[in-house]
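Accompanying notes for the structure given below.
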């Protein structure tokens, strides 16, 4: 059970964040920070879906290409993508070229436009209430929660694809709906 570890700058961080500068930056500046727009939440949902079965580092390093390829993750723009866009995306070596995930992203954008209150408010509605346990080490960090199970189920009911309970929980962690920075991490 590994707790917070010192980085090169001496700050204590979640141990997963120490393997590369990409992770340090993501951990310190983004992971666990609340979002403010539907497009930002759609980006995170999409990237979590593309990560499924892969390393997050691959997705993180391709994020700039993803943003360009998917019109900055503007929900309204992606919802208008068609078969020509699917073929364009499948030819783009800068992103993860998985037809099912590309088509799901476009379908998800269309479904997101129909979510009551927008995708940001909808997902935030599943944030846990009350005091949450503070993980002392990585072994204490959950992979799913009752809230993530409910979120995944409701997103699927609304037509969102590539989001199971584990992906939903990772989304909740990444967007600050749960705080899974380990105890003593400077970001906690």
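What the table shows:
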quantity: Cα shape, the chain, gyration tensor, a/c 1.5 rule; calculated: oblate
quantity: Shape of the range 81-155, Cα gyration tensor, a/c cut at 1.5; calculated: oblate
quantity: Full-extension gain in nm, residue 138 to residue 11, via 0.36 nm per residue minus C-alpha separation; calculated: 44.0 nm
quantity: Length released on extending from residue 158 to residue 183, taking residue separation times 0.36 nm less the Cα-Cα span; calculated: 5.4 nm
quantity: Förster radius 35 Å - calculated FRET efficiency between residue 63 and residue 100 (Cβ-Cβ, nearest 0.05); calculated: 0.95
quantity: The chain, helix-only ellipticity at 222 nm - DSSP H runs n ≥ 4, -39,500 (n - 2.57), divided by all residues, nearest 500; calculated: -14500 deg cm²/dmol
quantity: Computed FRET value (nearest 0.05) for residue 131 with residue 91, which takes r as the C-beta separation and R₀ as 35 Å; calculated: 0.10
quantity: Relative contact order %, the range 38-174, counting alpha carbon pairs below 8 Å whose residues are six or more apart; calculated: 26 percent
quantity: Calculated FRET efficiency for the pair residue 25/residue 113, C-beta based, R₀ 45 Å, to 0.05; calculated: 0.90
quantity: In nm, spacing of pseudo-spin labels at residue 36 and residue 121 (7 Å Cα→C-beta vector); calculated: 1.8 nm
quantity: Euclidean distance of C-alpha centroids, the range 100-121 and the range 134-188, integer Å; calculated: 19 Å
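The numbers here are math on the coordinates, done by the rules we state, and not lab data. Computed from a predicted structure; not experimentally measured. Neighbour counts run over all protein chains shown; Cβ positions are idealised from the backbone, glycine included.
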